[in-house]
Structure formats: C-alpha cells, structure tokens
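Participant: Can you read through this structure? Questions will come right after.
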Amino acid sequence: PTSKDARTDKIEAFALDFPTKVIESVAAPRDMDAIVNGHEDKINDAYHYGGVKNTDNVVGGFLGLPKTDRGTYFDRYITLRINASKDVINAIGGLDVPVTETLNYDDTWGHLHIHFKPGLQHMDGDQAVSYARFRHDACSDPCRIKRQQQIEHLTIEKLKNDKFNDLTHVAQLIDVIRRNVDTNLSADEMKSLGWSFRDLNIADVHSTQIP
C-alpha cells in the first residue's frame with residue numbers, strides 16, 4: 001500500500017521452515033471475493049477498512065489458518081510501501097528480467113508507465129515494480145501475480161549470486177527496507193532471518209496462487 005488507508009496492491013502469505021530452509025508462499029489476487037468487515041468485498045479492501053489487524057483477520061480467515069496464542073492468524077507481518085521494492089532492487093544494481101510478451105500501458109494519474117518488449121531486459125527498481133504491477137494482458141491478475149513472484153525469485157537469486165548475503169550487506173539492505181516498511185519483526189529478528197536464509201536455494205522457494 002501507499003498510505004495507511006490504501007488498498008493493498010499485493011497480498012502474499014509465507015511459511016518459513018528454518019531447519020530445511022524451504023519457503024512456501026501463496027498469493028491472493030487482490031480482487032478475490034472475501035468477507036470484509038461483515039460484507040462481501042474485494043480482499044484488498046481489508047487494509048483500507050482496518051489496516052494490518054483487519055488484514056490479518058480477513059486474509060487469515062480466508063485461508064483457513066489456525067489462530068496463534070496472540071489471537072492473530074499470522075506470527076509476523078510485513079507491509080511494504082511501493083518504494084521499498086524499488087529501493088531494494090536499486091540497491092542490488094537492478095535485475096535482468098526475461099520478458100515474454102510486449103507490455104504497453106500508460107496511466108498518468110496512477111504514475112504507471114510500462115513499455116517492454118520480449119527479450120532479456122535490465123530493469124532498475126522503478127521499471128521492475130512497474131513490470132510486476134502490469135495487469136492489462138489476457139489473464140490479468142493471475143499473470144500479474146506470476147510476474148510479481150518472478151521478480152521476487154530474481155531478487156533472491158541476485159542477492160545470492162552477487163554475494164549480497166554477507167552480514168554487512170544484510171544489515172545495509174534491512175536499513176534500505178525499513179524506510180518504507182511497517183512490520184512487527186524486530187531489527188534483530190530481521191537480521192536473523194536474513195542471515196539464516198543467506199544461502200537459500202531458489203529451488204526451495206515454492207510459490208503458488210489462489211485460482
């Protein structure tokens with residue numbers, strides 16, 4: 001989201017297995033039909049009508065998760081403003097993204113300008129986030145989620161392959177993220193996560209989406 005009463009642009013739940021270093025994720029299309037504050041609505045309205053607490057309640061209930069001892073569905077949450085992803089991608093020197101189709105879209109009001117041709121494209125943070133937000137092709141949100149998860153995987157690969165995963169870089173990247181993040185992870189927990197998964201194998205990151 002871009003502000004405290006925004007609608008979420010992306011909703012994804014993660015399960016982290018520390019012993020095996022496996023990450024499972026499931027994304028919910030933002031237009032998914034759900035019960036929000038007692039009425040039928042799009043699932044991404046949960047944040048708009050009640051922030052993090054309401055999103056935990058709506059998304060966790062929708063996924064059928066058990067509640068934690070604290071009465072929440074999720075152990076931790078991370079809310080990224082749009083600049084967080086841009087800043088991280090810029091901090092690691094951009095991404096080389098294999099684009100499979102021509103993408104053209106201009107939305108001046110929404111500050112979204114997307115122009116990509118098929119082939120391997122080097123993208124900075126702004127371009128990568130715009131690419132991930134594109135939804136004006138034949139399959140709309142499902143393809144958009146695939147692009148978002150593709151950017152996630154490419155970022156993980158670059159962090160590992162370009163040696164951004166040592167303790168110094170982990171701390172620096174966390175500082176970049178924290179400027180545009182609301183989370184109940186402590187600074188020590190974030191460093192611990194970054195260090196624990198520093199040698200993550202991309203094959204152990206399993207991403208799917210709700211149809």
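The values are calculated or read from the model by the stated rules, or taken from the named source; none is laboratory data. Since the model is a prediction, treat every value here as computed from it, not as a measurement. Glycine gets a Cβ as well: all are built from the backbone with ideal geometry, and neighbour counts include every protein chain shown. Heads up: the accessible areas ignore ligands, DNA and RNA and are worked out on the full protein's heavy atoms, side chains in. Shrake-Rupley method; radii C 1.70, N 1.55, O 1.52, S 1.80 Å.
Participant: Determine which member of the set Asp107, Asp124, Asp17, Asp33 is within 29 Å of Arg198 (Cα to Cα), without any contact (Cβ under 8 Å) to a residue 12 or more places away in the chain and in contact with a strand residue (DSSP E or B) (Cβ under 9 Å, 6 or more places away or on another chain).
Facilitator: After ruling out the rest, the residue left standing is Asp17.
Listed here are the residues, each with its yes/no results for (1) at pLDDT 90 or above; (2) open to solvent by less than 40 Å² (accessible area, probe 1.4 Å).
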site: Met32; (1), (2): yes, yes
site: Asp45; (1), (2): yes, yes
site: Tyr49; (1), (2): yes, no
site: Val58; (1), (2): yes, yes
site: Gly64; (1), (2): yes, no
site: Ser85; (1), (2): no, no
site: Leu95; (1), (2): yes, yes
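Rundown of residues vs (1) open to solvent by less than 50 Å² (accessible area, probe 1.4 Å); (2) modelled with pLDDT of 90 or more; (3) of a type in the set (A, V, I, L, M, F, W, C), yes/no style:
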| residue | (1), (2), (3) |
| --- | --- |
| Asp69 | no, yes, no |
| Tyr73 | yes, yes, no |
| Ile82 | no, no, yes |
| Asp106 | no, no, no |
| Gly125 | yes, yes, no |
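Participant: Right, another one. What pairs come up if the first residue lies in segment 194-210 and is without any contact (Cβ under 8 Å) to a residue 60 or more places away in the chain, the second is open to solvent by less than 50 Å² (accessible area, probe 1.4 Å) and basic (Lys, Arg), and their beta carbons are under 7 Å apart, counting only those six or more places apart or on different chains?
Facilitator: Close Cβ pairs satisfying both conditions: none exist.
Participant: If a residue must be surrounded by 14 or more Cβ atoms within 10 Å (Cβ to Cβ) and in a strand (DSSP E or B), how many such residues does segment 15-30 contain?
Facilitator: The first filter runs over segment 15-30 and keeps only residues surrounded by 14 or more Cβ atoms within 10 Å (Cβ to Cβ), leaving 16, 21-30.
This time we only want the ones that are in a strand (DSSP E or B), so: 16, 22-28.
Going through segment 15-30 one residue at a time, the tally reaches 8.
Participant: Go through the residues of segment 81-90 one by one and say whether even a single one is outside any helix (DSSP H, G or I), within 24 Å of Val52 (Cα to Cα) and acidic (Asp, Glu).
Facilitator: So in segment 81-90, the residues outside any helix (DSSP H, G or I) come out as 81.
In the following step, the residues that additionally are within 24 Å of Val52 (Cα to Cα) were identified as 81.
With acidic (Asp, Glu) added as a condition, the list becomes none.
Within segment 81-90, none of the residues are outside any helix (DSSP H, G or I), within 24 Å of Val52 (Cα to Cα) and acidic (Asp, Glu).
Participant: Counting just the residues of segment 154-175 that are surrounded by fewer than 14 Cβ atoms within 10 Å (Cβ to Cβ) and not charged (D, E, K, R), which one comes out nearest to Asp199 (Cα to Cα)? Explain how you work it out, then say what you get.
Facilitator: Step one: filter segment 154-175 for residues surrounded by fewer than 14 Cβ atoms within 10 Å (Cβ to Cβ), giving 161-163, 166-168, 172, 175.
With the extra rule that they be not charged (D, E, K, R), the set shrinks to 161, 167-168, 172.
Values: Asn161: 10, Leu167: 12, Thr168: 15, Gln172: 17 Å.
The residue in question is Asn161.
Participant: In addition: Could you look through segment 176-211, keep only residues that are surrounded by 13 or more Cβ atoms within 10 Å (Cβ to Cβ) and of a type in the set (Asp, Glu), and pick out the one that is modelled with the highest pLDDT?
Facilitator: Asp204
Participant: Follow-up question, since we're still on this one. If you take the residues in segment 156-204 that are β-branched (Val, Ile, Thr) and under 14 Å from Val22 (Cα atoms), which one is nearest to the chain's Cα centre (by Cα)? Talk me through it step by step, then tell me what you get.
Facilitator: Of segment 156-204, the ones β-branched (Val, Ile, Thr) are 156, 168, 170, 174, 176-177, 181, 183, 202.
Imposing the further condition that a residue be under 14 Å from Val22 (Cα atoms) reduces the set to 156, 202.
Working: Ile156: 12, Ile202: 16 Å.
Step by step, filter segment 156-204, then rank; the result is Ile156.
Participant: Looking only at segment 34-43, filter to residues that are under 9 Å from Phe62 (Cβ atoms) and within 22 Å of the chain's Cα centre (by Cα); which one of those is surrounded by the fewest Cβ atoms within 10 Å (Cβ to Cβ)?
Facilitator: Checking each candidate, the answer is Ala34.
Participant: Being open to solvent by less than 20 Å² (accessible area, probe 1.4 Å) and either farther than 11 Å from Leu95 by Cβ or of a type in the set (Lys, Arg) (or both) is the filter here, so list the residues in segment 131-146 that pass it. Step through it out loud before you land on a result.
Facilitator: Looking only at segment 131-146, we keep the residues that are open to solvent by less than 20 Å² (accessible area, probe 1.4 Å), and these are 131-132, 134, 141, 144-145.
Passing the criteria: Phe134, Asp141, Arg144, Ile145.
Participant: List every residue pair whose Cβ atoms sit under 7 Å apart, with the two residues 6 or more apart in sequence or on different chains, where the first one lies in segment 153-180 and is under 17 Å from Ala84 (Cβ atoms) and the second, anywhere, is in a helix (DSSP H, G or I) and hydroxyl-bearing (Ser, Thr, Tyr).
Facilitator: Every condition considered, no pair remains.
Participant: Just to confirm my filter: which helices (runs of 4 or more DSSP H) fall fully inside segment 103-211 and include at least 1 residues that are in contact with a Pro (Cβ under 6 Å, 6 or more places away or on another chain) and within 21 Å of Glu12 (Cβ to Cβ)?
Facilitator: Output list reads 141-161.
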